[in-house]
Amino acid sequence: MNIAVCVKQIPDPAAPGSIDPESKTLRRDGKLIMDDSDSFGVEMALQLVDKAGGGEVTLVSMAPNGETSGLRTALAMGATRAVLVSDPKLHGADALTTAKVLAKAIQRYPFDMVLAGTESSDGYTGTLPVQIAELLGLPSVSFAKKVSIDGAVVSVERQTEAGYDDVTCPLPAVVSVTAGVVEPRYPSFKGIMAAKSKPIETLSVADLELDSIAVAEEVQAVHDAQARQGGEIFEDDGSGFEKVVAFLEQLKLV
Amino acid sequence: MGVRTVWVLAEVTDGVVSLTTAELISQASTLGDRVECFSFNVDPSAIASTLGSYGAHKIWSVGELGGRLAGPVVAHAMASVAVNEGRPGAVLVGQTYDGRDILARLSVKWDLPVLTNVVNVTGELPDLVSEHAIFGGEKIVQAHFTHSSTGLFAIRAKSFEIRDHQAVEPEIVNVPMSEEVVADQAKITRSHVEERVGPKLDEAAVVVSGGRGLGQAENYQMIEELAKLLHGAPGASRAIVDAGWVPYAYQVGQTGKTVKPSLYLAVGISGATQHMVGMKAAKNIIAINKDKEAPIFQIADLGIVGDAHKVVPQLIDALRARG
Ligand SMILES: Cc1cc2nc3c(=O)[nH]c(=O)nc-3n(C[C@H](O)[C@H](O)[C@H](O)COP(=O)(O)OP(=O)(O)OC[C@H]3O[C@@H](n4cnc5c(N)ncnc54)[C@H](O)[C@@H]3O)c2cc1C
Ligand SMILES: Nc1ncnc2c1ncn2[C@@H]1O[C@H](COP(=O)(O)O)[C@@H](O)[C@H]1O
């Protein structure tokens with residue numbers, strides 16, 4: 001069983017986000033880390049390969065500036081190798097362009113399944129995994145909250161508005177997993193040391209034989225939303241609940 | 001067809017047209033001359049008058065999917081209709097699971113980008129401008145497509161008002177279903193509905209949500225009790241959904257439900273941007289949190305800095321005493 005996992009590297013979400021005044025897109029320079037949302041896909045892949053009795057986990061990523069620190073984290077968790085596509089031409093790439101790039105990167109190694117997060121922490125389009133599936137001509141199951149494999153069939157509990165559906169799908173397939181689907185491991189010291197010598201293949205757009213990449217959407221303006229004013233704040237001294245009751249009365253809710 | 005036509009994905013639960021669908025049709029009517037819906041897993045004649053009352057001129061019915069996932073089947077239906085009729089000026093879908101899957105596949109078929117997390121679309125075809133809330137709704141980004149082809153938009157719930165339209169009698173056309181192809185081999189074998197008590201979360205006038213500050217799963221009972229006393233719906237932050245305390249259907253926020261109640265009461269919720277984006281539009285917000293620096297207080301009309309385990313039981317007792 002070989003699995004390709006999409007891993008996005010993003011600026012530390014703890015640092016406040018900022019917007020580049022010129023391109024009006026999110027700033028993504030500086031040090032990048034593995035998107036937390038993707039640690040679940042990596043863990044899932046490691047567990048599934050393990051259960052299947054062996055195989056390879058290949059990470060695929062697209063990031064500016066040849067950044068690899070997020071990929072090293074995933075390699076330290078136990079992935080086999082990484083393919084990174086890094087090219088100034090991809091600056092400001094939209095989801096479809098990113099999907100085209102990743103689909104090409106995925107095809108460089110044999111795979112039975114592609115795993116991705118349901119949505120990235122900084123882009124959160126939530127469309128990319130299914131775009132990859134369509135590009136590869138594969139079935140997809142998005143928003144998986146439970147995943148198991150039996151032979152060449154993957155079984156998924158897929159979130160719905162009202163609950164969840166049991167879905168079965170023949171492999172190869174693309175599956176996007178939600179946060180909480182598995183508990184991601186922390187890289188061990190041994191893992192971190194081993195990751196230093198694992199291969200990261202760095203490619204440019206030209207290496208992928210992609211015909212067209214064009215930025216087709218444009219940000220016109222960024223402005224502050226109507227700010228919501230904070231109201232009164234009380235330190236509870238045992239009578240906090242009375243303030244709430246009074247507020248509810250004012251709203252005629254009691 | 002033509003560039004002044006807008007396609008809207010019509011989604012239905014238990015035979016009832018979703019509010020988001022009504023919102024999308026209402027707004028679509030202002031963007032062009034003609035609104036056409038795509039429906040699936042429903043008898044189109046049963047929803048025709050409802051869709052018509054918001055302004056839909058036509059329903060392309062994909063029919064019963066028989067367990068196939070909507071993404072590949074409906075995207076295929078849209079692409080095949082466009083082959084004969086031409087592409088519309090815009091396609092609007094709700095930011096739902098099926099909505100995103102359909103749009104993702106259509107964007108590849110048409111080689112066109114998608115704009116997601118849209119909270120507004122204005123202008124007139126072919127010149128539309130969309131708005132997106134970022135950083136938890138602190139800033140609004142305005143964007144438009146530089147191509148002059150179909151605009152593909154996934155739109156968050158409650159972005160538009162539902163407006164009654166001069167009733168139209170929509171024409172119904174069945175779209176022949178695609179032969180099964182590799183891309184739609186995924187099959188639903190069983191659907192599970194996670195029962196909720198009380199009003200629907202995204203329609204309730206009062207929402208009481210709990211977060212990690214509740215400490216442990218059992219304490220969520222307080223939230224349910226309080227919601228019941230206020231005739232509201234219980235909700236949750238993602239932290240406690242991921243922890244398995246409550247089902248996903250309770251989640252409020254970016255990946256959960258968008259709520260717009262007249263009162264939102266947040267208990268033990270810090271106010272992460274991804275949570276706030278789903279509840280910030282509430283008319284009134286009350287927050288109970290023991291940390292006075294919690295970001296939720298910045299948007300609360302009334303903030304109580306205190307221990308949920310003390311304040312909430314007192315509040316419940318006081319409300320019960322009033323009967
Ligand atoms: C891509 C992505 C999508 C996401 N989507 C969502 C989403 O849809 N919805 C969502 O909610 N989150 C979402 N999140 C997660 C979000 O970032 C936060 O992690 C989450 O909202 C935190 O939940 P919380 O406020 O319950 O927990 P915490 O942030 O841990 O906050 C707990 C709060 O409880 C308070 N507290 C502790 N003890 C007590 C007590 N005894 N009494 C009173 N207060 C107490 C603490 O002071 C603290 O403020 C998303 C994240 C990502 C990356
Ligand atoms: N630049 C990227 N590199 C690798 N994977 C990505 C990238 N962008 C998105 N993904 C994957 O696609 C998922 C959904 O991302 P998004 O469409 O941005 O919400 C993420 O959780 C990742 O698994």
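The values are calculated or read from the model by the stated rules, or taken from the named source; none is laboratory data. None of the values given here were measured: they were computed from a predicted structure. With ideal geometry, Cβ positions are generated from the backbone for all residues, glycine too; neighbour counts draw on all protein chains shown. What goes into the accessible areas is simple: the full protein's heavy atoms, side chains included, and nothing from ligands, DNA or RNA. Shrake-Rupley method; radii C 1.70, N 1.55, O 1.52, S 1.80 Å.
Below, the figures for the structure above:
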item: Pairwise burial A:B, computed as accessible area of each alone minus the pair, summed, 1.4 Å, Å²; result: 6900 Å²
item: Sum of side-chain charges, B:Leu229 neighbourhood, beta-carbon under 13 Å (Lys, Arg +1; Asp, Glu -1); result: 0
item: Shielding by partners - mean other protein chain Cβ count within 10 Å, residues of A:187-194; result: 0
item: Label-reachable residues, the range B:279-308, where backbone N falls under 17 Å from a point 7 Å from A:Gln250's Cα toward its Cβ; result: B:282-288, B:297-305
item: Choice from B:Pro88, B:Pro261, B:Pro295 with maximal GNM fluctuation in chain B (Cα, 10 Å cutoff); result: B:Pro295
item: Nonlocal amide H pairs with B:Arg34, under 5 Å, H built at 1.01 Å; result: B:Val6
item: Expected 222 nm ellipticity per residue - DSSP helices of 4 or more, -39500 (n - 2.57), all of the protein assembly as shown, to 500; result: -8000 deg cm²/dmol
item: Furthest towards positive pole of dipole, A:Gly117, A:Leu32, A:Ala74, structure part chain A, Cβ charges; result: A:Ala74
item: Residues of the range B:61-91 buried by at least 10 Å² on assembly (accessible area, 1.4 Å probe, chain alone as reference); result: B:Leu69
item: Stokes-Einstein D (µm²/s) once Rh is taken as the Kirkwood radius of the range A:2-203 over alpha-carbon pairs, at 37 °C in 0.692 mPa s; result: 194 µm²/s
item: Zero-based 10 Å bins, Cα pair distances in the range B:1-128, whole percents; result: 13, 49, 35, 3
item: Virtual paramagnetic centre 7 Å along Cα→Cβ of B:Glu293, amide N under 19 Å, in the range B:212-230; result: B:212-213
item: Check: the range A:1-122 dipole with +1 on Lys, Arg Cβ and -1 on Asp, Glu Cβ, in debye; result: 340 debye
item: Cα-based radius of gyration of chain B once divided by 2.2 N^0.38 Å, which approximates compact folds; result: 1.08
item: Shielding by partners, peptide A:99-107 (average Cβ within 10 angstrom, other chains); result: 1
item: Student exercise, chain A dipole from Lys, Arg, Asp, Glu Cβ charges, in Debye to nearest 20; result: 900 debye
item: Stretch gain in nm, segment B:Asp14-B:Asp164, where the contour uses 0.36 nm per residue and the Cα spacing is subtracted; result: 51.7 nm
item: Charge dipole of the range B:5-182 about the Cα centre (unit charges at C-beta), most positive-ward option of B:Ser39, B:Ala154, B:Ser80; result: B:Ala154
item: Per residue, in Å², the accessible surface of the protein assembly as shown once ligands and nucleic acids are set aside, probe 1.4 Å; result: 41 Å²
item: Beta bridges by DSSP in chain A, antiparallel share as percent, to the nearest 5; result: 40 percent
item: Whole-percent pair-distance distribution, where bins are 10 Å wide, for the alpha carbons of the protein assembly as shown; result: 3, 17, 27, 27, 18, 7, 1, 0
item: Whole-Hz couplings from phi, Karplus 6.51/-1.76/1.60, listed for the range B:153-169; x for Gly and Pro; result: 10, 9, 10, 5, 4, 6, 7, 10, 6, 8, 10, 6, 10, 4, 4, 10, 9
item: Mean separation of Cα contacts under 8 Å, 6 or more apart, over the residue count of chain B: relative contact order %; result: 15 percent
item: Backbone HN-Hα couplings from phi across the range B:135-150 [Karplus 6.51/-1.76/1.60, Hz, Gly and Pro as x]; result: 6, x, x, 6, 10, 10, 9, 9, 9, 8, 7, 7, 7, 10, 8, 5
item: Accessible surface, 1.4 Å probe, highest first, among residues B:Trp7, B:Trp245; result: B:Trp245, B:Trp7
item: Interchain or long-range residues, amide H under 5 Å from A:Ser121's placed H; result: A:Ser37
item: Apportionment of accessible area to carbon and sulfur, the protein assembly as shown, percent (1.4 Å); result: 49 percent
item: For B:Ser191, solvent-accessible area (1.4 Å; no DNA, RNA or ligand), Å²; result: 80 Å²
item: Sites excluded, trypsin sites (Lys or Arg not before Pro) in DSSP loops with at most 10 other C-beta within 10 Å, longest stretch of chain A; result: A:1-195
item: Once the Cα gyration tensor of the range B:201-322 is diagonalised, semi-axes √(5λ) in Å; result: 18, 15, 15
item: Nitroxide proxy distance, nm - points 7 Å out along Cα→Cβ at B:Asp111 and A:Ala221; result: 3.4 nm
item: Sequence-distant residues sharing a close amide H with A:Val60 (under 5 Å, placed H); result: A:Val5, A:Cys6, A:Val7, A:Val83
item: Contact order normalised by residue count of the range B:201-322, Cα under 8 Å, 6+ apart, percent; result: 24 percent
